[in-house]
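Visitor: The structure that follows is given in the form of structure tokens.
The values are calculated or read from the model by the stated rules, or taken from the named source; none is laboratory data. Quick caveat, the model's predicted, so the values are computed rather than measured. Note that we place each Cβ from the backbone using ideal geometry, even for glycine, and neighbour counts take in every protein chain shown. Just the protein is used for accessible areas: all its heavy atoms, side chains included, with ligands, DNA and RNA removed. Shrake-Rupley method; radii C 1.70, N 1.55, O 1.52, S 1.80 Å.
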Amino acid sequence: MQPLSGTVQRYAWGTHDAIPTLLGRPAGNDPIAEYWLGAHASSPSTIDGGSLVEHIASGPRMLGKRSREAFGEQLPYLMKLLSARHALSIQAHPSREQAIDGFSRESRAGIPLDSPQRTYKDSWPKPEILIALDEFHSLAGFRDPHETAALFAALGVAKQLESVIGPLTERKGPAAMAEVFLDVLSLDEHRRHLVNETVAAAMHHRDDGGEVGEFARTAIELDAVFPADPGILAALLMNRLLLHPGEGLFVPAGMMHAHLRGTGVEIMANSDNVIRGGLTNKHIDVSELVTVVDFDPWLPDVLLPRRTRRGVFKYETPCSEFEAWRMSIDHATGAVRVPGRGSARILLVTEGHCVLDDGHTRLDLPRGRAAFLSAEERDVYAHGTAQLYGTSSGIR
């Protein structure tokens, strides 16, 4: 077990203080959106003076036999801190088969990995779970089309938007949602006024209660950052979710989503593949969206962790690339064995102070510090008073 140092990602949508505060660092003038803990080739963490990628390559047995058989000689997951002060782009992630095909196709076409026209950065899927550390707002999955049509009507813009949202009630199934979503993305300058009319109407309902008020406030919130962007109408087709600290949102392949604001821990397959669908200046590949996105309406569940044993709480997902869990330790729990035996693991302390002990070595971990544990380190115990988030391979 060794200390692990992550890498900072400075995106415009990040907050200025949340991640530095958690890491025990002074806040700067530039936003910090993410803090990566893992071995993604584009931004690997550092360990023992070198990169985690090199560290794993020097001793691949530290990944665990079953993980290596399933995923090869690389860490199959990536952990992040994410902190958003405003909405990220509307996006979805590919399945494993789609990622392999898309990466191969773009590579054969000679599109550089750093090209703005590149959609697939690697050949991995990116299922992920976001676990809130504070109040976290997100858009996820498409709302029932009839409910969405009723909300636009409640704002008083159903007639103006008829040419765009008509299919929501005139057609059935995911085809209706796909038609509306793709039409919104293609709004030309002659139809952009529809976005402004919707936001103007929302202003009259911003103090309403219930779903109508929330719908109106979402439009206003997005327009403040992306004025007159057609992606606002696309976002209004989606469910809005509120996560309280400790609650999670699982994002499978194909689910359109957009995190709005808040700070949380993200755990995902070791990928940076993002298929964007609005609220962005970056490349939007409409043909790829049609292939990847699941346009079936559904409301994702808010996940609560299941207590598996004293001090350990697991977030259930169907992923083979990762498991996600939280440890809550104090004097009452005593020393608690770290989950994930048989796999390489990453731990991050988000509250308090703990000590890891394998019977031979002790590693001190105050708030904001992380550790990497080899698969060969099986019986590692955490004690102290702390909250930790951790991940391991889902196959071990």
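Visitor: Just to confirm my filter: which strands (runs of 3 or more DSSP E) fall fully inside the stretch 67-173 and include at least 3 residues that are of a type in the set (A, V, I, L, M)?
Guide: Of the strands (runs of 3 or more DSSP E) lying wholly inside the stretch 67-173, those with at least 3 residues that are of a type in the set (A, V, I, L, M) span 77-84, 128-132.
Visitor: Here is a further query. I'm checking my understanding of the structure. Among residues of the stretch 184-195 that are at pLDDT below 90 and not hydrophobic (A, V, I, L, M, F, W, C), which one is surrounded by the most Cβ atoms within 10 Å (Cβ to Cβ)?
Guide: In this case the residue turns out to be Ser186.
Visitor: For the stretch 359-383, give me each residue that is surrounded by fewer than 16 Cβ atoms within 10 Å (Cβ to Cβ), closer than 22 Å to Gly64 by Cβ and of a type in the set (Asp, Glu).
Guide: Glu376, Asp379
Visitor: Would you point out which residue out of Ala12, Ala27, Ala18, Ala33 is surrounded by fewer than 20 Cβ atoms within 10 Å (Cβ to Cβ) and closer than 25 Å to Ala258 by Cα?
Guide: Result of the check over Ala12, Ala27, Ala18, Ala33: Ala12.
Visitor: Continuing with this model, one more query. Name the residues in the stretch 26-44 that are part of a loop (DSSP other than H, G, I, E, B) and in contact (Cβ under 8 Å) with a residue 24 or more places away in the chain, would you?
Guide: Correct list: Pro31, Ala33, Ala39, His40, Ala41, Ser42, Ser43, Pro44.
Visitor: Of the residues Phe181, Phe152, Phe142, only one is of a type in the set (Phe, Trp, Tyr) and either surrounded by fewer than 16 Cβ atoms within 10 Å (Cβ to Cβ) or in contact with an Asp or Glu (Cβ under 9 Å, 6 or more places away or on another chain) (or both); which?
Guide: Matching residue, one of Phe181, Phe152, Phe142: Phe142.
Visitor: Do we have any residue at all in the stretch 73-80 that's of a type in the set (Phe, Trp, Tyr) and open to solvent by 10 Å² or more (accessible area, probe 1.4 Å)?
Guide: No, the stretch 73-80 has no match at all.
Visitor: For Ala200, all conditions in the list (1) open to solvent by less than 20 Å² (accessible area, probe 1.4 Å); (2) aliphatic (A, V, I, L, M); (3) free of Cβ contacts under 8 Å to residues at least 40 places away in the same chain hold save one; what is the number of the exception?
Guide: Result: Ala200 fails condition (1) only.
Visitor: For residues that are part of a loop (DSSP other than H, G, I, E, B) and free of Cβ contacts under 8 Å to residues at least 40 places away in the same chain, scanning just the stretch 348-396, find the one that is farthest from Lys314 (Cα to Cα).
Guide: His360
Visitor: Out of the stretch 286-306, which residues are out of contact with any helix residue (DSSP H, G or I) (no Cβ under 9 Å at 6 or more places or on another chain), surrounded by 18 or more Cβ atoms within 10 Å (Cβ to Cβ) and in a loop (DSSP other than H, G, I, E, B)?
Guide: Pro305
Visitor: Right, next: Only residues in the stretch 241-258 that are part of a strand (DSSP E or B) count as the first member; pair them with residues that are polar (S, T, N, Q) and open to solvent by 10 Å² or more (accessible area, probe 1.4 Å), Cβ under 8 angstrom, at least 6 apart or cross-chain, and list the lot.
Guide: Listed pairs, sorted by first residue: Phe250/Thr317; His257/Gln91; Ala258/Ser89; Ala258/Gln91.
Visitor: Restricting to the stretch 320-338, give me the number of residues that are part of a loop (DSSP other than H, G, I, E, B), in contact (Cβ under 8 Å) with a residue 40 or more places away in the chain and surrounded by fewer than 22 Cβ atoms within 10 Å (Cβ to Cβ).
Guide: 5
Visitor: What is the number of the single condition among (1) open to solvent by 20 Å² or more (accessible area, probe 1.4 Å); (2) more than 20 Å from the chain's Cα centre (by Cα); (3) touching a residue at least 24 places away in the same chain (Cβ under 8 Å); (4) under 29 Å from Ala140 (Cα atoms) that Arg310 does not meet?
Guide: All conditions are met except number (4).
Residue-by-condition table, conditions (1) part of a helix (DSSP H, G or I); (2) open to solvent by 10 Å² or more (accessible area, probe 1.4 Å):
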position	(1), (2)
Val212	yes, yes
Ala219	yes, no
Leu222	yes, no
Ala228	no, yes
Ile232	yes, no
Asn239	no, yes
Val265	no, no
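Visitor: If I ask for residues that are of a type in the set (A, V, I, L, M, F, W, C) and surrounded by 20 or more Cβ atoms within 10 Å (Cβ to Cβ), which ones from the stretch 94-133 would you list?
Guide: Ala99, Phe103, Trp124, Ile129, Leu130, Ile131, Ala132, Leu133
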